[in-house]
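The values are calculated or read from the model by the stated rules, or taken from the named source; none is laboratory data. Treat the numbers as computed from the prediction; the structure is a model and nothing was measured. Heads up, the Cβs are rebuilt from the backbone with ideal geometry, glycines too, and the neighbour counts pull from every protein chain shown.
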Amino acid sequence: MTSEIVLWRIRNRIIEYLDLAASAEDQIAYQAAVPDLHVPSEVANQWEDWVRPDWRQYLKPPVFSHEEVEAVDSFNASFAAAMTATKDPLPPLGVLLESAEWGELRDAASAALEVFRTRGHRPEADLDESI
């Protein structure tokens, strides 16, 4: 598998992550579907799965547009601020959904998602054919 294919898959996962982080309804549905899971921790950890501290070294053109890189940078700053401002361990989802920090995180995710929607999600089947 080429590194570009891996980057396209990471890009797809970032879009999926932003979809979840941007939607209180999706987070509530996720919690209901998997009640033993702590959804706030999932939201925190999944971002860090795809966007490591050295993200600028691998999230770059041509897979990521300049606008998408800027969106990742902006969301990453909002994510860091929200995590710093929230208690550790993270409170239950219902508590977080009412907090200003989680609302700001959702807003930042929505803004980043709009940027990524310009080019959209790349179908996994297209990536499989590239191998």
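So here's what we get for this one:
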item	result
Flag if Ser74 is touching a helix residue (DSSP H, G or I) at 6+ places or on another chain (Cβ under 6 Å), part of a helix (DSSP H, G or I) and either under 29 Å from Ile5 (Cβ atoms) or of a type in the set (Phe, Trp, Tyr) (or both)	no
Top-ranked residue of region 13-32 - restricted to ones that are among the small types (Gly, Ala, Ser) and in contact (Cβ under 8 Å) with a residue 60 or more places away in the chain, ranked as surrounded by the fewest Cβ atoms within 10 Å (Cβ to Cβ)	Ala24
Subset tally (residues that are within 10 Å of the chain's Cα centre (by Cα), more than 15 Å from Gly94 (Cα to Cα) and in a helix (DSSP H, G or I)) for region 23-55	7
Positions within region 1-14 being out of contact with any Lys or Arg (no Cβ under 8 Å at 6 or more places or on another chain) and in a helix (DSSP H, G or I), in sequence order	Ser3, Glu4, Ile5, Val6, Leu7, Arg9, Ile10, Arg13, Ile14
Selection status of Ser41, of a type in the set (Gly, Ala, Ser) and at pLDDT below 95	no
Enumeration of residues in region 33-55 that are free of Cβ contacts under 8 Å to residues at least 12 places away in the same chain and within 21 Å of Arg11 (Cα to Cα)	Asn45, Glu48, Arg52, Pro53, Asp54
Count of region 80-95 residues which are free of Cβ contacts under 8 Å to residues at least 40 places away in the same chain and assigned to a helix (DSSP H, G or I)	8
Residues satisfying the stated conditions in region 64-86, i.e. β-branched (Val, Ile, Thr) and touching an Asp or Glu at 6+ places or on another chain (Cβ under 6 Å)	Thr86
